Amino acid sequence: MPEARETAVYTHGHHESVLRSHTWRTAANSAAYLLGSLKPHMRILDVGCGPGTITADLAALVPDGHVTGVDHAPGVLEQARATAAGRGLTNVDFAVADVHALDHPDDTFCVVHAHQVLQHVGDPCGRCARCGG
Ligand SMILES: C[S@@+](CC[C@H](N)C(=O)[O-])C[C@H]1O[C@@H](n2cnc3c(N)ncnc32)[C@H](O)[C@@H]1O
């Protein structure tokens with residue numbers, strides 16, 4: 001099976017006007033479905049984390065765990081890092097990655113979260129490396 005490759009362009013970009021809307025987002029207003037299931041030790045991957053306000057909120061909710069935010073745009077991750085540092089969070093990190101080619105081993109994360117990302121990617125359904133489904 002051919003490897004999944006990014007075929008979409010993220011048309012919104014990361015202009016200040018776009019980021020103003022994204023940074024309004026919190027875990028409470030954008031990931032409420034998840035909050036009741038979180039445990040303090042959990043390891044979370046936030047795919048397409050953008051400026052990282054949701055990511056930072058999630059890190060605060062898993063103080064004994066860890067959150068990794070990934071995005072394919074390096075510039076926006078600088079803002080995400082600054083947000084996390086400004087809140088004094090030490091259990092979160094950010095890395096450049098394409099959602100189609102994540103290289104974390106199985107069972108690295110307890111939760112994989114994506115908010116407002118899948119509509120922007122070339123292969124939103126993905127394919128399971130194990131079963132091809
Ligand atoms: C609408 S923003 C959402 C950001 C954040 N999740 C939020 O809700 O505030 C979508 C983000 O997905 C990222 N993105 C788009 N395609 C991606 C891909 N193939 N791999 C990783 N990130 C991607 C974009 O760079 C952008 O930061």
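The values are calculated or read from the model by the stated rules, or taken from the named source; none is laboratory data. This is a predicted model, so every value here is computed, not measured. For neighbour counting, all protein chains shown are included, and Cβ atoms are generated from backbone atoms with ideal geometry for every residue, glycine included.
Tell me, yes or no, whether region 15-22 has at least one residue that is of a type outside the set (Val, Ile, Thr), surrounded by 11 or more Cβ atoms within 10 Å (Cβ to Cβ), modelled with pLDDT of 95 or more and within 11 Å of the ligand (Cβ to nearest atom). For region 15-22, residues of a type outside the set (Val, Ile, Thr), surrounded by 11 or more Cβ atoms within 10 Å (Cβ to Cβ), modelled with pLDDT of 95 or more and within 11 Å of the ligand (Cβ to nearest atom): absent.
All conditions in (1) more than 22 Å from Pro124 (Cβ to Cβ); (2) in contact (Cβ under 8 Å) with a residue 12 or more places away in the chain; (3) of a type in the set (A, V, I, L, M) hold for Ala31, with the sole exception of (1).
Yes or no, residue by residue, for (1) more than 9 Å from the ligand (Cβ to nearest atom); (2) under 23 Å from Arg20 (Cα atoms); (3) of a type in the set (Phe, Trp, Tyr); (4) modelled with pLDDT under 95:
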{"site": "Lys39", "(1), (2), (3), (4)": "yes, no, no, no"}
{"site": "Arg43", "(1), (2), (3), (4)": "yes, no, no, no"}
{"site": "Val47", "(1), (2), (3), (4)": "no, yes, no, no"}
{"site": "Gly86", "(1), (2), (3), (4)": "yes, yes, no, no"}
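The condition of being under 19 Å from Trp24 (Cα atoms) and in contact with a helix residue (DSSP H, G or I) (Cβ under 7 Å, 6 or more places away or on another chain) holds for Ala80.
The conditions of being under 16 Å from the mean Cα position of the chain (by Cα), within 8 Å of the ligand (Cβ to nearest atom), on the phi < 0 side of the Ramachandran plot and at pLDDT below 95 are not met by Thr53. A single member of Asp98, Asp93, Asp46 is of a type in the set (D, E, K, R), more than 22 Å from Asp123 (Cα to Cα) and surrounded by 13 or more Cβ atoms within 10 Å (Cβ to Cβ), and it is Asp93. For Val62, the requirement of being within 16 Å of the ligand (Cβ to nearest atom) and either of a type outside the set (Ser, Thr, Tyr) or loosely packed, with under 13 Cβ neighbours inside 10 Å (or both) is not met.
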